[in-house]
Amino acid sequence: MKYYLKSINPALNKLLLCIITVPVLLFPSSSGAQEPAIKEGRRGRLTIDYKSKIDFVAEARKYLKKGDIPEALYNATYAVSNGFDPYDSYLLLADIYRASKDLKSEAYSLEYTVRHAPNDRLKKEAEKRLASVIEAIKNLNIQKSAAAVVKNPDSLNKILRLGHTFERFGSAEKAETQYEYADNLGKNIKSSKYAKIRLYLKNGRKNAALPEVRDFFNLSPDDTTMVYLLAYNGFNLTEIKELGYSGGGGLDMRRYNRTYADYYYEIGYQQYLQEKLDQARTSMLYSLSYFKSNSRAHFNLGEIFYKKGMFRESGFHYSVAYEFMPADYEVGFKLAKSLVMSKSYERARVVLKELLKIDPHSGDYAAWLAKTGLTRRDIERMGYIDVNSPFYKKPGRKKAPAAAGQPAGPENLLKQPPSGLNSPFYQTPQPINIQL
């Protein structure tokens, strides 16, 4: 064969070479194919890798147009949980819930849509739609409660439920009208009086509530439910007894003290937000006199004392809060800073060392450890890892520990013979001779 090829004309060789290379030019390899263009979104270029990820938002929209709510909901939920655009995903969920007439779920989805809106225009549109959905929920609830009252106009429970619906949606005057109507139907019914008193106190109408409280205790002088309600609104036990409480009914003083303390804590917290630090400190300390283990009050007192430069006092309250909230690393870090500022270096090192176990790469923890007088080597010995160091090495994968003993399986039969009657190594036990 090779002798035959040598005898072929060189011109014919060139012709054969051209015939072989033509198909290669006509059918280029896939590696030279043009990459598909990046898909455009409504608000700009998306960075989603469509080769490895399905566009679940688009798929859900297709199913929604077809009226297939379960499949649309499945794809939309998958889009939310797999990192797709949160605005598009939650807006899609809101559209799906609107199609299924689930107003509560639609409102819930729209709240997240507002939170993740990329610009003010889309945020205002979502807020407007959310307000209309909330108004629709309100009207449906009121219509439902009102229809029940129309069917049973003498039912105190249904009248009170209608009043509570008005109160829940912010219609205090209409709620008061229903409570008054219920109270006139049954003069000796505590529930209608309790609802009126709660509404008055909620809206700051203390003077209007006092005669109603006296009437309530005339009906039931041992009712502790009213005592807790009054304590929640700042009435102390002496004032409550002056209003007609007899002191009986098995009052739980622990519950009373915590309820009464919460009232002053809320006052102190509002004062703290308004930067009225001295008034907030007084209210918080008074709250602690009734509920000493209130971690929120201790934390806020730590904040107040730290802002005022009283680091020893702030450290005390931070430490109490940290005992009740050991998983809150922000509280622990603030405790460590207050200890450093009050020159309690040993205690600060203990706290920061524990925090380094959680986050060994934190430069803030290392910086505050340095303020306690430790060297860089000391800080690294406590567990700090500087990822910016030129000597830093990423930890490699740890090998799985070797299994103790040989696992049972066919691959180990030669190494470890199986036990049992079917084993070729099994020996029949010999009878034991017993001499009598």
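The values are calculated or read from the model by the stated rules, or taken from the named source; none is laboratory data. From a predicted model like this one, the values you see are computed outputs, not experimental measurements. Here Cβ is always computed from backbone atoms with ideal geometry, including for glycine, and neighbour counts include all displayed protein chains.
Looking only at the range 110-138, how many residues end up being touching a residue at least 24 places away in the same chain (Cβ under 8 Å) and of a type in the set (Gly, Ala, Ser)?
Adding up the residues that qualify gives 3.
Tally the residues that are under 20 Å from Tyr263 (Cβ atoms) and free of Cβ contacts under 8 Å to residues at least 12 places away in the same chain, restricting the search to the range 207-234.
Here the count works out to 2.
Is there a residue being within 23 Å of the chain's Cα centre (by Cα), β-branched (Val, Ile, Thr) and at negative phi anywhere in the range 135-157?
We begin by selecting, within the range 135-157, every residue within 23 Å of the chain's Cα centre (by Cα); these are none.
The answer is no; no qualifying residue exists.
With respect to Thr238, determine if the residue is without any contact (Cβ under 8 Å) to a residue 12 or more places away in the chain, on the phi < 0 side of the Ramachandran plot, of a type outside the set (Phe, Trp, Tyr) and surrounded by fewer than 20 Cβ atoms within 10 Å (Cβ to Cβ).
Values: without any contact (Cβ under 8 Å) to a residue 12 or more places away in the chain: yes; on the phi < 0 side of the Ramachandran plot: yes; of a type outside the set (Phe, Trp, Tyr): yes; surrounded by fewer than 20 Cβ atoms within 10 Å (Cβ to Cβ): yes.
Yes.
For Glu313, all conditions in the list (1) closer than 18 Å to Tyr265 by Cα; (2) of a type in the set (Asp, Glu); (3) over 28 Å from the mean Cα position of the chain (by Cα) hold save one; what is the number of the exception?
(1)
Answer yes if at least one residue in the range 197-214 is assigned to a loop (DSSP other than H, G, I, E, B), farther than 21 Å from Glu180 by Cβ and polar (S, T, N, Q), and no otherwise.
Within the range 197-214, none of the residues are assigned to a loop (DSSP other than H, G, I, E, B), farther than 21 Å from Glu180 by Cβ and polar (S, T, N, Q).
Quick one: which residue in Leu122, Leu140, Leu110 is surrounded by fewer than 16 Cβ atoms within 10 Å (Cβ to Cβ), in a helix (DSSP H, G or I) and modelled with pLDDT of 90 or more?
Only one candidate qualifies: Leu140.
Name, by its number, the condition in (1) farther than 23 Å from Ser132 by Cα; (2) among the aliphatic types (A, V, I, L, M); (3) in contact (Cβ under 8 Å) with a residue 24 or more places away in the chain that does not hold for Ala79.
(3)
Could you check how many residues of the range 318-366 are outside any helix (DSSP H, G or I) and either modelled with pLDDT of 95 or more or of a type outside the set (A, V, I, L, M) (or both)? Working first, answer last.
Initially, the range 318-366 is screened for residues outside any helix (DSSP H, G or I), giving 325-328, 342-344, 359-362.
Imposing the further condition that a residue be either modelled with pLDDT of 95 or more or of a type outside the set (A, V, I, L, M) (or both) reduces the set to 326, 328, 342-344, 359-362.
So the answer is 9.
At pLDDT below 90 and not small (Gly, Ala, Ser): is that true of Pro153 in this structure? Talk me through it step by step, then tell me what you get.
Values: at pLDDT below 90: yes; not small (Gly, Ala, Ser): yes.
Yes, satisfied.
Could you tell me how many of the residues in the range 296-310 are under 16 Å from Tyr265 (Cβ atoms) and among the hydrophobic types (A, V, I, L, M, F, W, C)? Show your work before the answer.
At the first step, the residues of the range 296-310 found to be under 16 Å from Tyr265 (Cβ atoms) are 296-304.
Right, trim to among the hydrophobic types (A, V, I, L, M, F, W, C) and you get 297, 299, 301, 304.
Of the residues in the range 296-310, 4 are under 16 Å from Tyr265 (Cβ atoms) and among the hydrophobic types (A, V, I, L, M, F, W, C).
Restricting the first residue to the range 253-266 and requiring it to be more than 21 Å from Gln279 (Cα to Cα), which pairs with a second residue that is assigned to a helix (DSSP H, G or I) and aromatic (Phe, Trp, Tyr) meet a Cβ separation below 7 Å and a spacing of at least six or different chains?
Arg255/Tyr228; Tyr256/Tyr228
Any residue at all in the range 284-294 that's touching a Ser or Thr at 6+ places or on another chain (Cβ under 7 Å), modelled with pLDDT under 95 and not in a helix (DSSP H, G or I)?
Among the residues of the range 284-294, at least one is touching a Ser or Thr at 6+ places or on another chain (Cβ under 7 Å), modelled with pLDDT under 95 and not in a helix (DSSP H, G or I), which makes the answer yes.
From Tyr194, Tyr256, Tyr260, Tyr264, which residue is surrounded by 20 or more Cβ atoms within 10 Å (Cβ to Cβ) and farther than 30 Å from His298 by Cβ? Talk me through it step by step, then tell me what you get.
Working: Tyr256 fails: farther than 30 Å from His298 by Cβ; Tyr260 fails: farther than 30 Å from His298 by Cβ; Tyr264 fails: farther than 30 Å from His298 by Cβ.
Answer to the check: Tyr194.
Can you tell me which of Lys101, Lys65 is at positive phi and either surrounded by fewer than 22 Cβ atoms within 10 Å (Cβ to Cβ) or not hydrophobic (A, V, I, L, M, F, W, C) (or both)? Before the answer, list the steps.
On the way: Lys65 fails: at positive phi.
Step by step, each of Lys101, Lys65 is checked, and only Lys101 is at positive phi and either surrounded by fewer than 22 Cβ atoms within 10 Å (Cβ to Cβ) or not hydrophobic (A, V, I, L, M, F, W, C) (or both).
Give the residue, chosen from Phe216, Phe169, that is under 30 Å from Leu92 (Cβ atoms) and not small (Gly, Ala, Ser). Explain how you work it out, then say what you get.
Numbers: Phe216 fails: under 30 Å from Leu92 (Cβ atoms).
Going through Phe216, Phe169 in turn, the sole match is Phe169.
Exactly one condition in (1) outside any loop (DSSP other than H, G, I, E, B); (2) hydroxyl-bearing (Ser, Thr, Tyr); (3) touching an Asp or Glu at 6+ places or on another chain (Cβ under 8 Å) is false for Ser191; which is it?
Condition not satisfied by Ser191: (3).
Which of the following residues is modelled with pLDDT under 90, in a helix (DSSP H, G or I), over 27 Å from the mean Cα position of the chain (by Cα) and of a type outside the set (Gly, Ala, Ser): Thr77, Thr21? Even if it seems obvious, please write down each step before you answer.
Details: Thr77 fails: over 27 Å from the mean Cα position of the chain (by Cα).
The match here is Thr21.
If Lys202 satisfies all but one of (1) of a type in the set (D, E, K, R); (2) under 30 Å from Lys308 (Cα atoms); (3) surrounded by fewer than 17 Cβ atoms within 10 Å (Cβ to Cβ), what's the number of the condition it fails?
Status for Lys202: all satisfied but (2).
In this structure, is Ser246 over 30 Å from Leu201 (Cβ atoms), over 29 Å from the mean Cα position of the chain (by Cα) and small (Gly, Ala, Ser)?
On the way: over 30 Å from Leu201 (Cβ atoms): no; over 29 Å from the mean Cα position of the chain (by Cα): yes; small (Gly, Ala, Ser): yes.
Spelling it out, it is not the case that Ser246 is over 30 Å from Leu201 (Cβ atoms), over 29 Å from the mean Cα position of the chain (by Cα) and small (Gly, Ala, Ser).
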